[in-house]
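Here is the structure we will look at, set down as structure tokens.
The values are calculated or read from the model by the stated rules, or taken from the named source; none is laboratory data. Note that the structure is predicted; figures quoted are calculated from it, not measured. Reconstructed Cβ throughout: ideal geometry from the backbone, glycine too, with neighbour counts over all protein chains shown. Keep in mind that these areas ignore ligands, DNA and RNA; they rest on the heavy atoms of the full protein, side chains included. Shrake-Rupley method; radii C 1.70, N 1.55, O 1.52, S 1.80 Å.
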Amino acid sequence: MTLRYLRDQRHDATVQEIARVKFPYPNDDHPELETIVNEPEPKVSVGHADDGSELFPDIVVLRRPGLWLEMMAEVETRDTVNEESAQREWLPFSRVGRLYLYVPVGTVEETKRLCKKYGIKVAGIRTWRFRPVWGLEVVEV
């Protein structure tokens, strides 16, 4: 197994867990919302980037009836909080709707720096980490 494979496995599991815990839709309070996870396979695009490629954020929340984009979330790992992710993903996502960034604990300052540098407007930055006994911990910054 390669390091990239292990990172991708961890990323996909983290995306699934964040979607389950933070975006549990539909539910009794919000039956009109539906959460779709685009990992490991893309399912719902939120639009197109400037180069014409489809945009698939990790988590998409839609409002029904219809397919109205309510919000989306991108989950990063320590090695994907970088210039490439900011330009290729965060900026195009932020242009089409309300974007939340989930970044590992310890990467908030770099995330904020990249958002400022590229003019990326986010609805929120949240940190995540796995704690051995308690599982996923998410904190709003």
On a straight-distance basis, which lysines could pair with residue 121 in a cross-link, Cα separation under 18 angstrom, same-chain partners fewer than 8 positions away excluded?
112
Most packed first (mean Cβ within 10 Å per residue), the peptides 49-61, 20-32 order as 49-61, 20-32
By the scheme Lys and Arg +1, Asp and Glu -1, what is the net charge of all other residues having a beta-carbon under 10 Å from that of residue 39?
-3
Total formal charge among the other residues, if their Cβ is under 9 angstrom from that of residue 69, Lys/Arg +1 and Asp/Glu -1
+1
Positive-end residue of 59, 134, 33, charge dipole of the chain with Cβ unit charges
134
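Calculate, for the chain, the solvent-accessible area per residue in square angstrom, rolling a 1.4 angstrom probe over the heavy atoms of the protein chains. Could you put the intermediate results ahead of the total?
Values: 8220 Å² over 141 residues.
Accessible area per residue, the chain: 58 Å².
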Report, in debye and to the nearest 20, how large the dipole of the stretch 40-88 comes out about its Cα centre when Lys and Arg carry +1 and Asp and Glu carry -1 on their Cβ.
380 debye
Can you pull out the trypsin sites (Lys or Arg not before Pro) in the stretch 30-85 whose DSSP state is coil and whose Cβ has at most 15 other Cβ atoms within 10 Å?
43
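Could you size up the charge dipole of the chain around its Cα centre, putting +1 on the beta carbon of Lys and Arg and -1 on that of Asp and Glu, and report it in debye to the nearest 20?
Using Cβ point charges on Lys, Arg, Asp and Glu, the chain gives about 400 debye.
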Between [x] 16.2, 47; [y] 14.7, 44; [z] 15.5, 52, which entry matches Rg and Dmax of the Cα atoms in Å as derived from the coordinates of this structure?
[y]
Show me the ranking of peptides 84-96, 2-14 by mean Cβ neighbours inside 10 Å, starting with the highest.
84-96, 2-14
